[in-house]
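For reference, the structure discussed in these notes is given below.
The values are calculated or read from the model by the stated rules, or taken from the named source; none is laboratory data. No experiment lies behind these values; they were computed from the predicted model shown. Quick reminder, even Gly has a Cβ in these numbers, built from the backbone with ideal geometry, and neighbours come from all protein chains shown.
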Amino acid sequence: METSNGEAGASARREYERRRDVREQRIRAKHPRLRGLILALSDDPQSTKAWERGALGEELMAKRLADLPETFRVLHDRRIRGTKANIDHIAIGPSGVWVIDAKRYKEKRPELRVEGGIFRPRVESLRIDGRDGTKLVDGVKRQVQRVRDVLADDTIPIAGVLCFLEADWPLLGGSFAVDDVHVLWPRLLIERMTEATVAAFDVDAAHGCLAEAFPVA
């Protein structure tokens, strides 16, 4: 989804296409006579498909964010200078700044795991179909800190979000937070963004500052 504020999923899709093309060229060079058959009967490796899934997830998330009121400004696929990382989406509006990492984990269930308690320190963690999702939470926290450093204004609320698309959410409840990172789905995210307490800051100025600090990926 292309806008003046970036194209959602563009860098992930470019990486997917690069990996796909490299594989095709390798097969064509190694098996010139059977290249067509091999390509027709074989799939891309999971590591390559992951980039395509990531691009699609960001594109779907951008379509949901397009439903935000006109009081919001949204940046898509922004590069973090000096690193290979990027921020999927940054939404700036009356309720603050929302740093959003979109994940398309189809039919997988994000869950909050709590360990410890009375006699041991309480430890919360993210699990996705039982697998540890700590690195996802840590990634969003790093992105939030980058945004906070750029704005350098403690009066602006900044929220980190892991937004799971097409996940296996329960019928009741389901959303939670881990280390101040919200874990939820697109519809609920939009509701929270638009219903949260209004903060007194210049949305357009913050948008311009972040657009300059985090260029299009």
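From V161, V137, V150, grab the single residue that is hydrophobic (A, V, I, L, M, F, W, C), under 26 Å from L75 (Cα atoms) and touching a Cys at 6+ places or on another chain (Cβ under 7 Å).
Result: V150 is the single residue among V161, V137, V150 that is hydrophobic (A, V, I, L, M, F, W, C), under 26 Å from L75 (Cα atoms) and touching a Cys at 6+ places or on another chain (Cβ under 7 Å).
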Item to check | Count - residues of the stretch 194-214 that are surrounded by 12 or more Cβ atoms within 10 Å (Cβ to Cβ) and within 30 Å of R14 (Cα to Cα) | outcome: 8
Checklist entry - In the stretch 61-80, which residues are in a strand (DSSP E or B) and buried (at least 20 other Cβ atoms within 10 Å of the Cβ)? => result V74, L75, H76, D77, R78
Next on the checklist: Condition (residue is buried (at least 17 other Cβ atoms within 10 Å of the Cβ), modelled with pLDDT of 95 or more and closer than 20 Å to M193 by Cα) applied to the stretch 122-140: is it met by at least one residue?
Outcome noted: yes
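Give the residue, chosen from A159, A206, A211, that is closer than 27 Å to L56 by Cα, assigned to a helix (DSSP H, G or I), at pLDDT 95 or above and of a type in the set (G, A, S).
Selected residue: A211, the only one of A159, A206, A211 that is closer than 27 Å to L56 by Cα, assigned to a helix (DSSP H, G or I), at pLDDT 95 or above and of a type in the set (G, A, S).
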Checklist outcome for this item: Of the residues in the stretch 6-18, those that are under 20 Å from A102 (Cβ atoms) and assigned to a helix (DSSP H, G or I) come to A10, S11, A12, R13, R14, E15, Y16, E17
Checklist entry - So which of L188, L184 ends up being surrounded by fewer than 17 Cβ atoms within 10 Å (Cβ to Cβ), in contact with a Ser or Thr (Cβ under 8 Å, 6 or more places away or on another chain), at pLDDT 95 or above and not small (G, A, S)? => result L188
Checklist entry - Could we say that M61 is within 19 Å of the chain's Cα centre (by Cα) and at pLDDT below 75 here? => result no
Checklist outcome for this item: Residue count, the stretch 163-200, condition in a strand (DSSP E or B) and either farther than 22 Å from Q143 by Cβ or among the basic types (K, R) (or both), comes to 0
Checklist entry - Would you call D138 of a type in the set (D, E, K, R) and in a helix (DSSP H, G or I)? => result yes
Checklist outcome for this item: Filter the stretch 104-135 for residues that are of a type outside the set (D, E, K, R) and part of a strand (DSSP E or B); the one that is farthest from L165 (Cα to Cα) is V123
Checklist outcome for this item: Scanning the stretch 81-107 residue by residue, those surrounded by fewer than 16 Cβ atoms within 10 Å (Cβ to Cβ) and either closer than 19 Å to R53 by Cβ or more than 17 Å from the chain's Cα centre (by Cα) (or both) turn out to be R81, G82, K84, A85, K106, E107
Checklist outcome for this item: Flagged pairs (Cβ under 9 angstrom, 6 or more apart or on separate chains; first in the stretch 40-64, within 14 Å of D77 (Cα to Cα); second surrounded by 19 or more Cβ atoms within 10 Å (Cβ to Cβ) and modelled with pLDDT under 85) are W51/Y16; G54/Y16; A55/Y16
